[in-house]
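Engineer: Got a structure for you, questions after.
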Amino acid sequence: IDPEIASLFDEAPAIALANPISSEMAVMRQSLWPGLLSAVKYNQSRQQTRVRLFELGRIFTGSLNAQNLDGVQETDQLAAVICGSRLPEQWAEKPMAVDFFDLKGDCEALLQAMGLALTAQGAAYERPVVTFRAPTQAGHKALHPGQSADIEIEGHLCGRLGALHPAVAERFDLTGAIFLLELNLDAVKNRRLPANRSRSRFPHIRRDLALLKPVALTAAELLAIIEADRPACLQSVAIFDRYTGAGIEPGFESVAVKLIFQESERTLTDDEIVGIISNIRAKLAQHHIQLRT
C-alpha cells in the first residue's frame, strides 16, 4: 500500500518492498482497514451509503532483514467496517445510523458463531471470557480515542473496534460515522465451527419461575446458577420480567424466569420436569433465592 496511507494506521514504519510496482504499493500492509475504507469510499461515491464489508487476510509487521525474513511477523486477521443506516430504507421506521454498539454486537455474534462462549461459568456466577475495555494507552491512532475499545479473550489482547478517527475519515474523503473492527484470528482459530442440528419433532415444555433474589445478585449470576450442570433437555433460560415495589422485601427484587425443556428423541414427562425444577430450586436456595409466593 501507499506509505502515507500506512502511516495513518500504525506508528511503526511499514516494511518497504525492494522493487515495488508503483509508489502507491511501496510497503506491506500493517492493517486490513485501508482497503476496506477505500471500498467504502467507492460505494459512497456511487450513492451507496449503507455499507457492510469484511475481509480475511494477512498483515505484515516487524522489520525486513537483509539476509532473511526472520524479522517479519505474518498475522491472519479479520477486519470489518460498517456505516450508514442500521436498517434498509422503509416506510415503517425512520432511518437510524449505526453506532459503536452495532459493531460490538456483530463482534459478539461472530465470536459465538466460532464457538467462543462470551462468559464462563464459575462455582456460582459467570466470569467474562470476552472483554471490551477502554484502550489502556493512547489507543489505535486510526480510531476515535473516546469511541474505541480493545478486545480481550481470556485476558489477552486479540483485536479492537471503534469509530474511525475524523482525521483519517477526512484523508479518505469519507462522510458519516464509520466503525471498524479488527480481530487476530490466531486467538480463535482452534475454536469449533458451528454445526447444524435438526429441530426436534417433539413438543417443548415451558415453565415459569417467579423468584425473589437479593438485589446485589446480578441477572448474569442468577442465570449461571440455574444453568450450572443443567441437563441436556433444558434448552434455554431467560429472564422476561422484573419487579420491585409494594410487597417486595427491601434488598430483594422479583424476577420472572422462563425455562424451555425439550428432548430430541421423545416427549418429556411431567415427573421429569418436576424433578429438574426441584434440583434448580435447591441450587437457588443455597444463594438465598426463593420462589415468590
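Engineer: Do we find a residue being of a type in the set (A, V, I, L, M, F, W, C), farther than 30 Å from LEU17 by Cα, within 15 Å of the chain's Cα centre (by Cα) and at pLDDT 90 or above anywhere in the range 72-88?
Structural biologist: yes
Engineer: Would you confirm whether or not the range 279-286 contains a residue that is farther than 30 Å from SER200 by Cα and loosely packed, with under 11 Cβ neighbours inside 10 Å?
Structural biologist: yes
Engineer: Right, here's the next one. Name the one entry in ILE248, ILE260 that is among the hydrophobic types (A, V, I, L, M, F, W, C), assigned to a loop (DSSP other than H, G, I, E, B) and either touching a Ser or Thr at 6+ places or on another chain (Cβ under 9 Å) or without any contact (Cβ under 8 Å) to a residue 12 or more places away in the chain (or both).
Structural biologist: ILE248
Engineer: Condition (residue is in a strand (DSSP E or B), among the small types (Gly, Ala, Ser), under 20 Å from THR293 (Cβ atoms) and touching a strand residue (DSSP E or B) at 6+ places or on another chain (Cβ under 9 Å)) applied to the range 230-237: is it met by at least one residue?
Structural biologist: no
Engineer: May I ask you to list the residues in the range 1-31 that are within 26 Å of the chain's Cα centre (by Cα) and under 16 Å from GLN73 (Cα atoms)?
Structural biologist: ASP10, ARG29, GLN30, SER31 - these are the residues of the range 1-31 that are within 26 Å of the chain's Cα centre (by Cα) and under 16 Å from GLN73 (Cα atoms).
Engineer: Additional query: From the list PHE240, PHE172, PHE252, which one is in the same structural domain as GLN137 (by TED's automatic domain parsing) and of a type in the set (Phe, Trp, Tyr)?
Structural biologist: One residue alone meets the criteria, PHE172.
Engineer: Filter the range 214-229 down to residues that are loosely packed, with under 15 Cβ neighbours inside 10 Å and β-branched (Val, Ile, Thr) and give me whichever is modelled with the lowest pLDDT.
Structural biologist: Within the range 214-229, the match that is modelled with the lowest pLDDT is THR218.
Engineer: Could you please find all residues in the range 94-121 being modelled with pLDDT of 85 or more and over 24 Å from LEU36 (Cα atoms)?
Structural biologist: LYS94
Engineer: Within the range 32-45, is even one residue under 30 Å from GLN90 (Cβ atoms) and over 29 Å from the mean Cα position of the chain (by Cα)?
Structural biologist: Yes, the range 32-45 contains a residue that is under 30 Å from GLN90 (Cβ atoms) and over 29 Å from the mean Cα position of the chain (by Cα).
Engineer: With respect to ALA210, determine if the residue is part of a strand (DSSP E or B) and more than 30 Å from LEU116 (Cα to Cα).
Structural biologist: When the stated conditions are applied, ALA210 passes them.
Engineer: Please determine, by comparing only the residues of the range 1-19 that are surrounded by fewer than 13 Cβ atoms within 10 Å (Cβ to Cβ) and assigned to a loop (DSSP other than H, G, I, E, B), which one is modelled with the highest pLDDT.
Structural biologist: Checking each candidate, the answer is ASN19.
Engineer: For GLU253, all conditions in the list (1) of a type in the set (Asp, Glu); (2) part of a loop (DSSP other than H, G, I, E, B); (3) surrounded by 15 or more Cβ atoms within 10 Å (Cβ to Cβ); (4) touching a Lys or Arg at 6+ places or on another chain (Cβ under 9 Å) hold save one; what is the number of the exception?
Structural biologist: Condition not satisfied by GLU253: (2).
Engineer: Let me ask another. Would the range 100-117 turn up any residue that is in contact with a Phe, Trp or Tyr (Cβ under 9 Å, 6 or more places away or on another chain), surrounded by 15 or more Cβ atoms within 10 Å (Cβ to Cβ), outside any helix (DSSP H, G or I) and not assigned by TED's automatic domain parsing to the domain that holds THR218?
Structural biologist: no
Engineer: List every residue pair whose Cβ atoms lie under 7 Å apart, where the two residues are 6 or more positions apart in sequence or sit on different chains, the first residue falls within the range 34-59 and is under 10 Å from ILE82 (Cα atoms) and assigned by TED's automatic domain parsing to the domain that holds ALA14, and the second residue, located anywhere, is of a type in the set (Ser, Thr, Tyr) and surrounded by 13 or more Cβ atoms within 10 Å (Cβ to Cβ).
Structural biologist: Note: pairs meeting the criteria are ARG50/SER85.
Engineer: Please go through the range 198-213 and pick out each residue that is surrounded by 15 or more Cβ atoms within 10 Å (Cβ to Cβ) and closer than 15 Å to GLU253 by Cβ.
Structural biologist: LEU209, LEU211, LEU212, LYS213
The values are calculated or read from the model by the stated rules, or taken from the named source; none is laboratory data. As the structure is a prediction and not an experimental result, all values here were calculated from the model. Glycine also receives a Cβ, built like all others from the backbone with ideal geometry; neighbour counts cover every protein chain displayed.
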